Amino acid sequence: MEAAADKQASNIVLLDARKVCSFADYFVICSGESERQVSAIYDEVGHRLKQEGVLPSHHEGTVDSGWLLLDFGNIIVHIFSQFEREYYRLDELWRQAVPVLRIQ
């Protein structure tokens, strides 16, 4: 979450999904204001975790789609454009997950 915040991600949310999800323990959901910022957030999160020896097992999306995903096994990071985040409403979809931290 700190890596996303350092790249000025907005509305960063950490959800504990262990009781409602079988494929991940936590979701990080955040937004960027532009394609360039979404890309910078994605790169920074990947870079910081790589420095710690943690590599994604899977990644999806393209900057122009407005949604990038990094799957680190127990933690899945969703990086959205503002429009796509409002459209897909993952925060609502996973509303039964416990919010651990929210950074506006």
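Brief remarks follow.
- Residue within the stretch 80-97 that is acidic (Asp, Glu) and over 23 Å from Val20 (Cβ atoms) present: no
- Only one entry in Glu92, Glu86, Glu52, Glu60 is under 25 Å from Ser34 (Cβ atoms), out of contact with any Phe, Trp or Tyr (no Cβ under 9 Å at 6 or more places or on another chain) and of a type in the set (Asp, Glu), namely Glu92.
- Consider the stretch 69-104 and keep the residues that are free of Cβ contacts under 8 Å to residues at least 24 places away in the same chain and among the hydrophobic types (A, V, I, L, M, F, W, C). The one that is surrounded by the most Cβ atoms within 10 Å (Cβ to Cβ) is Phe72.
- Annotation: Lys19 fulfils all but one of (1) part of a strand (DSSP E or B); (2) within 19 Å of Leu93 (Cα to Cα); the unmet one is (1).
- Within the stretch 1-42, considering residues that are among the aromatic types (Phe, Trp, Tyr) and surrounded by 15 or more Cβ atoms within 10 Å (Cβ to Cβ), the one farthest from the chain's Cα centre (by Cα): Tyr26
- Within the stretch 43-68, the residues that satisfy the criterion of being under 19 Å from Arg89 (Cα atoms) and either more than 13 Å from the chain's Cα centre (by Cα) or surrounded by 14 or more Cβ atoms within 10 Å (Cβ to Cβ) (or both) are Gly61, Thr62, Val63, Asp64, Ser65, Gly66, Trp67, Leu68.
We did not get these values from a lab; they are worked out from the coordinates using the rules stated. Quick caveat, the model's predicted, so the values are computed rather than measured. Counting neighbours? That spans all protein chains shown, and the Cβs are built from the backbone with ideal geometry, glycine included.
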